[in-house]
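Engineer: Here you go, one structure.
The values are calculated or read from the model by the stated rules, or taken from the named source; none is laboratory data. This is a predicted model, so every value here is computed, not measured. Neighbour counts are summed over all protein chains in view; Cβ atoms, including those assigned to glycine, are modelled from backbone coordinates with ideal geometry.
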Amino acid sequence: MINSPLKKAKRIVLKIGSSLLVNESTGTIKSTWLNALADDVLKYRQQGKEIVIVTSGAGAVGKHALGLPYTKKLTLAQKQAAAAVGQIRLARIYQAVMAERDVKVGQILLTLEDSEDRHRYLNARNTINTLLEMGAVPVINENDTVATAEIKVGDNDRLAARVGQMIGADAVILFSDIKGLYTANPKKDSSAQLIPVVEKLTDEIYAMADGAGSAVGTGGMATKLQAAKLCMEAGCSMAISLGAVLFPLTKLDTTNECTWFLAEKNAISARKAWIGGSIKPKGKLVLDAGAVKALHQGKSLLPAGIKSVEGTFSHGDAVSITDETGKILGKGLTAYSSDEVKMIAGKKTTEIEKILGYHGDEVIHRDNLFAEE
Ligand code: GLU
């Protein structure tokens, strides 16, 4: 058994899934559970830890408040309306339960753009940091009232990971309806074993998550592994832990029964972690073998090595980078729009001026490049 990263963690993000907080059939809050969680938050704050909550449940609460049967499939507009009604209730509930413990909360509703756009990202980071400095507990959700599928993170697992990366958290804990990652689907295979620690996200680990009795709610095991990747690369450890117990943080701390995904040791800069953590890159650049080699040597990406371009993006947007087999090699901020990259792909850097009418350099400068290991 490893030493729990929780012990040393100073800044912790707790992700609370809908099913832990809300009775699905009635839309009411599981208040005994929430009060126990609030006691945990208080207890760990008193030990000098900073706690951030990423909470789901707006949709589930709002649906019921609007008198919509919980089994009813909603249109996008109805879902957004339910989130609007639910979120204000959710905020009030957290505010009340923490006020009973003399702790202030601050609500932050994030959109995907708030994490993908550098200025907005830094702004959100400042606000969360300031709330923590002032001793408040940030309570965060995605702003579901305006987000549609294409412009949404969509699950609070990755949102929590992105928040963890944003604020340099030491640990992100996904409280879930499952104890962690198993070697096989524990609902179908009684020999399935809980994996206590993952140091590297290998193909074998991804295969285990494939269809592995994923948690109910929006994020299954696959999104939890994406969240783990975001955290690990950013130097933050992440746990998947059973949330459906009273005092879930104390339980995790005392039993360490969960799966820990350990932070990578080679810390990269916060800026590179942000680039690598882009949740929805706007496009894709496919590289030839020479450019792949240069990338691994830490060099900038030149137009000559680009075989093809996908998606529509503008200068400054994040794009993913693959080799010709489609293997993802990293992400970067492009210096050109997709139309421009299409024109200069495969060409020498010295030809850029002739083609585009202005002098230009690399497509992605190495400072703007995050390469996977
Ligand atoms: N943001 C959604 C809500 O509050 C939940 C997303 C998720 O559960 O991952 O209803």
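Engineer: Can you tell me how many residues in the stretch 303-314 are touching a residue at least 24 places away in the same chain (Cβ under 8 Å) and surrounded by 21 or more Cβ atoms within 10 Å (Cβ to Cβ)?
Structural biologist: So the count comes out to 4.
Engineer: Quick test of your reading of the structure: ALA147 fulfils all but one of (1) near the ligand (Cβ under 10 Å from one of its atoms); (2) in a loop (DSSP other than H, G, I, E, B); (3) of a type outside the set (Phe, Trp, Tyr); (4) at pLDDT 90 or above. Name the failing condition by number.
Structural biologist: Failed condition: (4).
Engineer: Can you pull out every residue in the stretch 312-330 that is touching a Leu at 6+ places or on another chain (Cβ under 8 Å) and not acidic (Asp, Glu)?
Structural biologist: GLY316, ALA318, VAL319, SER320, ILE321, THR322, LEU329, GLY330
Engineer: Residue check, ILE140 against (1) part of a strand (DSSP E or B); (2) closer than 24 Å to ASP203 by Cα; (3) within 11 Å of the ligand (Cβ to nearest atom); (4) of a type outside the set (Gly, Ala, Ser), all met but one. Which one?
Structural biologist: So ILE140 meets the others, but not (2).
Engineer: Tell me which residues, restricted to the stretch 123-138, are surrounded by 13 or more Cβ atoms within 10 Å (Cβ to Cβ) and among the hydrophobic types (A, V, I, L, M, F, W, C).
Structural biologist: ALA124, ILE128, LEU131, LEU132, ALA136, VAL137
Engineer: Then there's this: Taking only pairs six or more apart or across chains, which ones have beta-carbon atoms under 8 Å, a first residue in the stretch 149-166 that is touching a residue at least 60 places away in the same chain (Cβ under 8 Å) and at positive phi, and a second residue that is of a type outside the set (S, T, N, Q) and surrounded by 24 or more Cβ atoms within 10 Å (Cβ to Cβ)?
Structural biologist: Short answer, once both residue conditions are applied: GLY154/GLU142.
Engineer: If you don't mind, another one. Looking at the stretch 272-306 only, could you name the residues that are of a type in the set (Lys, Arg) and under 12 Å from THR334 (Cβ atoms)?
Structural biologist: Result: LYS282, LYS284.
Engineer: Can you tell me which residue is surrounded by the most Cβ atoms within 10 Å (Cβ to Cβ) among those in the stretch 348-364 that are outside any loop (DSSP other than H, G, I, E, B) and out of contact with any helix residue (DSSP H, G or I) (no Cβ under 8 Å at 6 or more places or on another chain)?
Structural biologist: Across the stretch 348-364, the extreme among qualifying residues is ILE364.
Engineer: Can you name the residue in the stretch 1-22 that is more than 16 Å from the chain's Cα centre (by Cα), in a loop (DSSP other than H, G, I, E, B) and of a type outside the set (A, V, I, L, M) and is also surrounded by the fewest Cβ atoms within 10 Å (Cβ to Cβ) among such residues?
Structural biologist: The selected residue is ASN3.
Engineer: Which condition number in (1) in a helix (DSSP H, G or I); (2) within 16 Å of the ligand (Cβ to nearest atom); (3) more than 22 Å from PRO281 (Cβ to Cβ); (4) not aliphatic (A, V, I, L, M) is the one that GLU204 fails?
Structural biologist: (2)
Engineer: Find the helices (runs of 4 or more DSSP H) located wholly in the stretch 25-135 whose residues include 2 or more that are within 16 Å of the ligand (Cβ to nearest atom) and without any contact (Cβ under 8 Å) to a residue 12 or more places away in the chain, and list them.
Structural biologist: 76-99
Engineer: Out of SER320, SER300, SER278, I need the residue that is in contact (Cβ under 8 Å) with a residue 24 or more places away in the chain and farther than 23 Å from LYS229 by Cβ. Which one?
Structural biologist: It is SER300.
Engineer: Checking the conditions here, which among LEU246, LEU285 is surrounded by 21 or more Cβ atoms within 10 Å (Cβ to Cβ) and over 18 Å from the mean Cα position of the chain (by Cα)?
Structural biologist: LEU285
Engineer: While we're on this one: Which one of GLU324, GLU257, GLU264 is in contact with a helix residue (DSSP H, G or I) (Cβ under 6 Å, 6 or more places away or on another chain), surrounded by fewer than 21 Cβ atoms within 10 Å (Cβ to Cβ) and either among the acidic types (Asp, Glu) or modelled with pLDDT of 95 or more (or both)?
Structural biologist: Checking each option against the conditions leaves just GLU264.
Engineer: Taking LEU301 and the conditions (1) more than 19 Å from LYS272 (Cα to Cα); (2) in contact with a helix residue (DSSP H, G or I) (Cβ under 9 Å, 6 or more places away or on another chain), which numbered condition does it fall short on, given that it satisfies the others?
Structural biologist: Every listed condition holds for LEU301 apart from (1).
Engineer: Follow-up. Of all residues in the stretch 150-175 being out of contact with any Leu (no Cβ under 7 Å at 6 or more places or on another chain) and small (Gly, Ala, Ser), which is nearest to the ligand (Cβ to nearest atom)?
Structural biologist: Looking at the filtered set, the residue picked out is GLY154.
Engineer: Being out of contact with any Asp or Glu (no Cβ under 8 Å at 6 or more places or on another chain) and more than 23 Å from ILE275 (Cα to Cα) is the filter here; which residues of the stretch 309-351 pass it?
Structural biologist: The answer is MET343, GLY346, LYS347, LYS348, THR350, GLU351.
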